[in-house]
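To start, the structure under review is shown below, and the notes come after it.
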Amino acid sequence: GQQLNQSPQSMFIQEGEDVSMNCTSSSIFNTWLWYKQDPGEGPVLLIALYKAGELTSNGRLTAQFGITRKDSFLNISASIPSDVGIYFCAGAAYSGAGSYQLTFGKGTKLSVIP
Amino acid sequence: GAVVSQHPSRVICKSGTSVKIECRSLDFQATTMFWYRQFPKQSLMLMATSNEGSKATYEQGVEKDKFLINHASLTLSTLTVTSAHPEDSSFYICSAQDRDEQYFGPGTRLTVT
């Protein structure tokens, strides 16, 4: 099946620093999504990317859909303590009957040192 | 954004009993909902795709007779873990599809004793 390689696995950064994480895949996806998950909660959608090459921002977050459709990155600028959590990339592939299945990366655990 | 709720948020049950988890899309209709399982410090693993009015599609290795899914309306899907065992203890998360995006519920922590 499809697999996503997400890196880095974990990061420790100082408050105010910028962060970058990425995902690569052996398969093409129609859509790339980035989620943040806090402990004991469900993932929250941060950014959705629909077109190859698309660059989208959401506040301090910026994500890009790779030209090959097999990769994506997420940048967080000027990190703050509430950015702490686990970030997951997910690739969406059309699975028929109007539905899309998500394949998740293994996550990047972000720790921000005040 | 779209809101998805789950109930209960936590449940403890005895081995051999069954547990039902509800997933609701609160402000949109979802013809497709998904059920995931997440073990500690791991990613989300898709268990099944639930389509309103039809049978669920299960991922390889997921027992359909053990994890019963019902999607009776456009806003509600239920997952019933039958004859639960301690190894079924996990964090179960549902999501609902709204156009090209999936929105997740807050999850249900199941502990089987």
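All conditions in (1) more than 9 Å from every other protein chain (Cβ to nearest Cβ); (2) open to solvent by 10 Å² or more (accessible area, probe 1.4 Å) hold for B:LEU79, with the sole exception of (2).
Among the strands (runs of 3 or more DSSP E) confined to the range A:10-114, the ones with at least 3 residues that are of a type in the set (Val, Ile, Thr) are located at A:108-113.
Conditions tested, residue by residue: (1) aromatic (Phe, Trp, Tyr); (2) in contact with a Lys or Arg (Cβ under 9 Å, 6 or more places away or on another chain); (3) surrounded by 15 or more Cβ atoms within 10 Å (Cβ to Cβ); (4) modelled with pLDDT of 95 or more.
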| site | (1), (2), (3), (4) |
| --- | --- |
| A:GLY1 | no, no, no, no |
| A:GLN6 | no, yes, yes, yes |
| A:SER10 | no, yes, no, yes |
| A:THR24 | no, yes, yes, yes |
| A:LYS36 | no, no, yes, yes |
| A:PRO39 | no, no, no, no |
| A:ARG60 | no, no, no, yes |
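Only residues that are more than 20 Å from A:PHE65 (Cβ to Cβ), modelled with pLDDT of 95 or more and either touching a Lys or Arg at 6+ places or on another chain (Cβ under 8 Å) or within 7 Å of chain B (Cβ to nearest Cβ) (or both) were counted across the range A:84-114, and they come to 2. Tell me which residues, restricted to the range B:82-113, are open to solvent by 30 Å² or more (accessible area, probe 1.4 Å), within 14 Å of chain A (Cβ to nearest Cβ) and either in a loop (DSSP other than H, G, I, E, B) or under 14 Å from B:CYS23 (Cα atoms) (or both). Answer for the range B:82-113, where residues must be open to solvent by 30 Å² or more (accessible area, probe 1.4 Å), within 14 Å of chain A (Cβ to nearest Cβ) and either in a loop (DSSP other than H, G, I, E, B) or under 14 Å from B:CYS23 (Cα atoms) (or both): B:ARG99, B:ASP100, B:TYR103, B:PRO106, B:ARG109. Under the condition of being more than 17 Å from the chain's Cα centre (by Cα), in contact (Cβ under 8 Å) with a residue 40 or more places away in the chain and either assigned to a strand (DSSP E or B) or at positive phi (or both), the residues counted in the range B:11-46 number 1. Would you mind stating whether A:PHE65 is more than 25 Å from B:GLY107 (Cα to Cα), within 14 Å of chain B (Cβ to nearest Cβ), open to solvent by less than 50 Å² (accessible area, probe 1.4 Å) and under 12 Å from the mean Cα position of the chain (by Cα)? So A:PHE65 fits the description; yes. Within the range A:73-101, being on the phi < 0 side of the Ramachandran plot, open to solvent by 10 Å² or more (accessible area, probe 1.4 Å) and among the aliphatic types (A, V, I, L, M) holds for A:ILE80, A:VAL84, A:ILE86, A:ALA93.
The values are calculated or read from the model by the stated rules, or taken from the named source; none is laboratory data. In this text, all values refer to a predicted model and were calculated from it rather than measured experimentally. Counting neighbours? That spans all protein chains shown, and the Cβs are built from the backbone with ideal geometry, glycine included. Ligands, DNA and RNA are stripped out before the accessible areas are found, and what is left, the full protein with its side chains, is counted by its heavy atoms. Shrake-Rupley method; radii C 1.70, N 1.55, O 1.52, S 1.80 Å.
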